[in-house]
Amino acid sequence: GNVVIDGALKGSLKKSLFKGKIQTLQGALLLDGDFDKRGDPGLGFKGVANTNNFKLGTLLGKNELLGETSFNIEVDGVKTGRIIEAKLKGSVDYLDLKGYRYNDIVANFEVNPTEFNGSLAIGDENMSVSLDGLAKLQGVN
């Protein structure tokens, strides 16, 4: 389908700022963030993304698994070559999964090449879950 981008992009090759909306048939994604060059070949990124009533399942071609979602997510990270280190913090008002709408999801994660650390809480009326954990990641030797 069509994608319409409406916003402002300012900056240089070393640092760029974007604020705007990406509109698809599945819904709109509002973005406010920046990218900056960090070393060679590093790329830093920081910003906020939010959406309401976004048809995630349709976008991914997974309608039987996923439906709509509404969220507000902050991300701060850096990509160097194939390595990504990032912090993600956000709230998901709801996420439709396998025909059920899960409400009030809060996530706070940090990921780097050796570990995944974070928390996830779901405050849905039919399920209350709070997870905190650290996973050590081991690559292929």
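The values are calculated or read from the model by the stated rules, or taken from the named source; none is laboratory data. Just so you know, these numbers come straight off a predicted model, no measurement behind them. Every residue, glycine among them, receives a Cβ derived from its backbone with ideal geometry; neighbour counts consider all protein chains shown. Calculation scope for accessible area: heavy atoms of the full protein, side chains included, ligands and nucleic acids excluded. Shrake-Rupley method; radii C 1.70, N 1.55, O 1.52, S 1.80 Å.
Numbers for the structure displayed
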item	result
Pair list, Cβ < 6 Å and 6+ apart or interchain, from the stretch 1-19 residues that are at positive phi and without any contact (Cβ under 8 Å) to a residue 24 or more places away in the chain to residues that are open to solvent by 100 Å² or more (accessible area, probe 1.4 Å) and acidic (D, E)	none
Test set (1) in a strand (DSSP E or B); (2) open to solvent by 70 Å² or more (accessible area, probe 1.4 Å); (3) within 20 Å of D93 (Cβ to Cβ) - L17 fails condition number	(3)
Identity of the residue in the stretch 21-69, under 20 Å from I83 (Cβ atoms) and not in a strand (DSSP E or B), that ends up most open to solvent (accessible area, probe 1.4 Å)	D40
Residues of the stretch 23-50 classified as closer than 14 Å to V3 by Cβ and under 13 Å from the mean Cα position of the chain (by Cα), total	2
Test: residue in the stretch 73-88 that is open to solvent by less than 50 Å² (accessible area, probe 1.4 Å), on the phi > 0 side of the Ramachandran plot and in contact (Cβ under 8 Å) with a residue 12 or more places away in the chain	yes
Qualifying residue in the stretch 127-136 (condition: surrounded by 13 or more Cβ atoms within 10 Å (Cβ to Cβ) and in contact (Cβ under 8 Å) with a residue 12 or more places away in the chain)	no
Selection status of N112, within 24 Å of L131 (Cα to Cα) and touching a residue at least 12 places away in the same chain (Cβ under 8 Å)	yes
Residue ID - nearest to I83 (Cα to Cα), chosen from residues in the stretch 103-117 that are part of a strand (DSSP E or B), open to solvent by 60 Å² or more (accessible area, probe 1.4 Å) and not hydrophobic (A, V, I, L, M, F, W, C)	E110
